[in-house]
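> Next up is a structure, given as structure tokens.
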Amino acid sequence: MMSILEICHYLQNTEWATAIRQADFAFPLIEGTHIIALSLSVGLILMLDLRLLRLAFQSEPVSRVMHQVMPWALPGFGIMFLTGLLLFFAQAESVYNNSYFRIKLLMLLLLGINAAVYQYKFYPHMAEWDTTTVPTGPRIVAVVSLVLWMAVIVAGRLTAYEL
Amino acid sequence: MNLQRLWQMSYDSKVIDVLRNSHHAIPYIQSVHLLGIALLLGSMVILNFRLLGIGLTAIRIEVIAKQVWSWGTVGLVMAVASGFFVFLPDPARYAANTSFLVKMVTLLVAVLFQYTIYRRAVKAKVAAHSEQKEVLLPLVSLFLWFGVGWMGRAIAFLG
């Protein structure tokens, strides 16, 4: 059984991970895409959170904002995930030992749980508050999402700073 | 007072000195910069995709334009304000960086375009209740804003 560190060592030394690390422009291009895709993923999710808090798109039902924004936010998150994975592979060992990266993963896990709570607990009853006052539950989900996404950005920036 | 002296004063000031010598101040400020960028570029994506007719088509242009204008401006102000505090501790490094200079020019063009020509065109469109798709206007806006973003990334790796 390999330890996580051994797996990281293996990943980092595969031919393609080495290629990403050593090519002149591969790494900055992937990193640039990772950062700029923030606009599609976090930028759009923020809009839904702001709607739940009645700070944006007040005239539109929550369900409409959600269904309009999600088809773009999800592929945006997909780009983040893929480029993030490549960045991780390229320097797996040092990233594994980076405490900010571990904090970032924890935040992402919490965001996943937060999204699941919304999806399974509040989304089925959305019709009841779609066009009226948003109840406390989904509003807490929105605040948690806003705070955690900000924390993910900070932890991500610090991860790169400490490598 | 000339500009040179103003830079020198800011460079010598206590606040900027603390930022320059603190180990973690700059990445935290850059995080605010990134959050501002997420808001600004996210807003630009929403409005421009709507004008292109490829996204958020169930929401009226008027509503999108109004929301995006306020939140996009919040993002712009966040990005520019935090950008100043990344720049001020080390102005000589940035002044000598070609990507930074190109970024500033692109930013200026983007802001001017967005808040004059673009804004007027969207206002006219809303007033006329026009649902006709736009091509040139949103493409130029996306090109300029994403250009600013990429030039920012280039500061670190192209110089």
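Here, each number is a calculation from the coordinates, and none is a lab measurement. Note that this is a predicted model, so its numbers are computed, not measured. Positions of Cβ are generated from backbone atoms using ideal geometry, with glycine treated the same way; all protein chains shown enter the neighbour counts.
> Considering only C-alpha atoms, what is the centroid distance from the stretch A:1-16 to the stretch B:117-146, in Å?
Comparing the Cα centres of the stretch A:1-16 and the stretch B:117-146, I get a distance of 49 Å.
> I would also like to ask the following. Can you find, among B:Leu88, B:Leu144, B:Ile155, the residue sitting farthest towards the positive end of the charge dipole of chain B, where Lys and Arg contribute +1 and Asp and Glu -1 at Cβ?
Most positive-ward Cα: B:Leu144.
> Please compute the contact order of chain A in relative form: average sequence separation of alpha-carbon pairs under 8 Å and at least six residues apart, divided by the residue count, as a percent.
Numbers: 147 pairs, mean separation 49.8, N = 163.
Relative contact order here is 31 percent.
> Separation between the B:Leu52 and A:Thr18 pseudo-spin-labels, each 7 Å from Cα along Cα→Cβ, expressed in nm?
3.9
> Could you name the lysines whose alpha carbon sits less than 21 Å from that of B:Lys66, not counting residues in the same chain fewer than 8 places away?
Hits, sequence-local ones excluded: B:Lys123, B:Lys125, B:Lys133.
> Rg and Dmax of the stretch B:1-49, Cα atoms, in Å?
Reported Rg and Dmax, both Å: 16.3, 46.
> Further question: Any idea how far the Cα center of the stretch A:91-114 sits from the one of the stretch A:132-163, in Å?
14
> So, one more: What is the diffusion coefficient of the protein assembly as shown in µm²/s, taking the Kirkwood radius over Cα pairs and the Stokes-Einstein relation at 4 °C with a viscosity of 1.567 mPa s? Please report the intermediate quantities before stating the final value.
On the way: Rh = 21.4 Å.
For the chosen part, D equals 61 µm²/s.
> Report, to the nearest 10°, how far helix A:62-90 tilts away from the longest principal axis of the Cα atoms in chain A, using its own Cα long axis and a range of 0 to 90°.
10
> Could you size up the charge dipole of the stretch A:42-111 around its Cα centre, putting +1 on the beta carbon of Lys and Arg and -1 on that of Asp and Glu, and report it in debye to the nearest 20?
Details: 5 positive and 3 negative charges, 31 e Å.
It comes to approximately 140 debye.
> If you don't mind, another one. How many nm is it between the label spots at A:Ala26 and B:His24, if each spot is 7 Å from the Cα in line with the beta carbon?
A separation of 3.3 nm, rounded to one decimal place.
> Now a separate question. Helix B:136-157: angle to the longest alpha-carbon principal axis of chain B, degrees 0 to 90, nearest 10?
Taking the Cα atoms of chain B, the angle to B:136-157 is about 20 degrees.
> Right, here's the next one. Over the alpha-carbon set of the stretch B:1-82, work out the extent along each principal axis and list the three values in angstrom, largest first.
So the extents along the principal axes, rounded to whole Å, are 53, 32, 16.
> I'm checking a number: the convex hull volume of the Cα atoms of chain B, normalised per residue, in Å³. What is it? Could the numbers behind the result be given before it?
Numbers: hull volume 19.8 nm³, N = 159.
Enclosed volume per residue, from the Cα hull, is 125 Å³.
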